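Single-structure report; data block below.
The values are calculated or read from the model by the stated rules, or taken from the named source; none is laboratory data. Source: prediction; values computed, not measured. So basically every Cβ, Gly included, is an ideal-geometry build from the backbone, and we count neighbours across all protein chains shown. With ligands, DNA and RNA removed, areas are computed over all heavy atoms of the protein, side chains included. Shrake-Rupley method; radii C 1.70, N 1.55, O 1.52, S 1.80 Å.
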Amino acid sequence: MRKKLLSTSALLFSFVITSAQEVKYEEYNLNNGLHVILHQDNTAPVVTTSVMYHVGGKDRTEGRTGFAHFFEHLLFEGTENIEKGKWFEIVSSNGGKNNANTSQDRTYYYEVFPSNNLKLGLWMEAERMLHPVINQDGVDTQNEVVKEEKRLRYDNSPYGKILFTVSENLFKNHPYKDPNIGYMKDLDSASLEEFIEYKEKYYVPNNAVLVVAGDIDIPQTKQWISDYFKDIPRGAEVVRNYPSEEPITTEVKAVSYDPNIQIPATVIAYRTPGFKERDAYVLDMLSTYLSDGPTSKLYKKMVDDQKEALQVGAFNIGQEDYGMYLVFALPVGDTSLETLNTSIEEEIEKVRTNLISENDYKKLQNKFENRFVNSNSSVEGIAGSLATNYMLYGDTSLINKEIDIYRSVTREEIMEVAKKYLNPNQRVVIDYLPEENPSN
């Protein structure tokens, strides 16, 4: 009887998760190619207006890296109708907040306003798309801003360049080999005309998705969107043809130095498929199994039991064309990096050769159920998910059904994916060391 009750409860819990988390939305295209997604939630008088452009760090030519990240800043400079330096002031004085971020694959701008300022948010994003002022003064100003960000976040931050080191060793041909923020010499040597050409190529309606989520009246919102966006000219279609990478078939060893650290680190990295592939979802689960929380396999073994690591983590870094799977560890005392590498490989070998236990599998499923429940708990989060699922995954409905992919992953599949991608001959092993002589 107790088993039957537990089974019934589990079914009810699954039903509640599925029904309570369903996100309803409407989507359509304007004639200029702008894709629009609307999500109505009238529970609070808040609205998020966001635009995601399909342009990121990988969209560049050799010698002109970092343009997408640069534009993340530059497109806050001002427009024909928004005075230079007034963007943030307009937002805050109307009770809102805003931000932007850039990855290797996309750039995302958003505002969160009281819902009675939706019209303002739409107008501002239309201004950014149609009327940005790109002149030498703005370029020079933001060049200094980007340089300061690079110094603060990367050059002078402990372990700040570790992902750069991973990328340049995992990729030899694809633009992922270069940092998203780019190289400052490339920005310094770029002409104003090159920046203007970049804007005209990528920041166009047919390379963007507009999401409005929150306390909205849908017919009125559609009318405002039409008023502000329909006459923005369509751009030329963006064609991408990036070089592919040859498989890694022999272990690669590398050394990198960081003047900001005192404790060395080891990084073991593997090149994996892009995040749209089913195997990428399996790798998400595998990284959680290995290092999410104090009871995870790597943490319990290397930090708690053997006391050889101060910290250890496995991360599946999703990207559109190729992913990066890496394991990072810091040693305790005189523990060698080779000792850490051996311990890491022992745990990965277990996953390649044996099924994880039923109990661990159930824990994994529970963790991903909980992430699903929490993933779209705010209108702001829903807006970001809708934009990402449409623009990068090509399937807006993933916002409701992505959990089904994780639910369908089996123990056998976890083992097969580990065996497919996480072998010693497919990895890059990086000794990330304190720089002995920072003046060199």
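Numbers at a glance
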{"read-out": "Gain upon complete extension [residue 81, residue 354; 0.36 nm per residue less C-alpha separation]", "value": "92.0 nm"}
{"read-out": "Inter-site label distance for residue 173 and residue 22 at 7 Å from Cα along Cβ, in nm", "value": "4.6"}
{"read-out": "Residue order for 141, 396 - accessible surface, 1.4 angstrom probe, largest first", "value": "141, 396"}
{"read-out": "Net charge contributed by nearby residues that have their C-beta within less than 12 Å of residue 78 (K/R +1, D/E -1)", "value": "-3"}
{"read-out": "Theoretical gain in end-to-end length, residue 97 to residue 342 [0.36 nm per residue, Cα-Cα removed]", "value": "83.5 nm"}
{"read-out": "Global form of region 238-294, assessed from the alpha-carbon gyration tensor, a/c cut-off 1.5", "value": "oblate"}
{"read-out": "Estimated FRET transfer efficiency when R0 is 56 angstrom, pair residue 227-residue 156 (beta carbons, to 0.05)", "value": "0.75"}
{"read-out": "Residues with amide H under 5 Å from that of residue 332, placed H, sequence gap 5 or more", "value": "309, 310"}
{"read-out": "Area accessible to solvent at residue 153, 1.4 Å probe radius, in Å²", "value": "130"}
{"read-out": "From the coordinates shown, Cα extents along the principal axes in Å corresponds to which of (i) 60, 54, 43; (ii) 57, 47, 43; (iii) 72, 62, 38", "value": "(iii)"}
{"read-out": "Theoretical FRET efficiency, 1/(1+(r/R0)^6), r = Cβ-Cβ of residue 367 and residue 276, R0 25 Å, to 0.05", "value": "0.65"}
{"read-out": "From phi via Karplus (6.51, -1.76, 1.60), per-residue ³J(HN,Hα) for region 231-244 in Hz, x at Gly/Pro", "value": "8, 6, x, 5, x, 5, 5, 7, 10, 10, 8, 7, x, 8"}
{"read-out": "In order through region 318-324: 3J(HN,Hα) via Karplus (6.51 cos²θ - 1.76 cosθ + 1.60), integer Hz, x for Gly, Pro", "value": "x, 9, 5, 8, 9, x, 10"}
{"read-out": "Computed lengthening from residue 419 to residue 395, 0.36 nm per intervening residue step minus Cα-Cα distance", "value": "5.8 nm"}
{"read-out": "Area accessible to solvent at residue 249, 1.4 Å probe radius, in Å²", "value": "90"}
{"read-out": "Environment charge at residue 162 (Cβ cut-off 14 Å; Lys +1, Arg +1, Asp -1, Glu -1)", "value": "-3"}
{"read-out": "Pair residue 184, residue 140: separation of 7 Å Cα→Cβ label points (nm)", "value": "1.8"}
{"read-out": "Cross-link partners of residue 363 among lysines (Cα-Cα below 30 Å; sequence separation of 8 or more within a chain)", "value": "3, 4, 24, 276, 297, 300, 301, 307, 350, 401, 419, 420"}
{"read-out": "Local electrostatic count, residue 36, Cβ distance below 9 Å [Lys/Arg +1, Asp/Glu -1]", "value": "-1"}
{"read-out": "Nearest-0.05 FRET efficiency for residue 407 and residue 220, computed from C-beta distance (R0 45 Å)", "value": "0.70"}
{"read-out": "Label-point separation, residue 148 to residue 31 (7 Å along Cα→Cβ), nm", "value": "4.5"}
{"read-out": "Expected 222 nm ellipticity per residue - DSSP helices of 4 or more, -39500 (n - 2.57), all of the chain, to 500", "value": "-13000 deg cm²/dmol"}
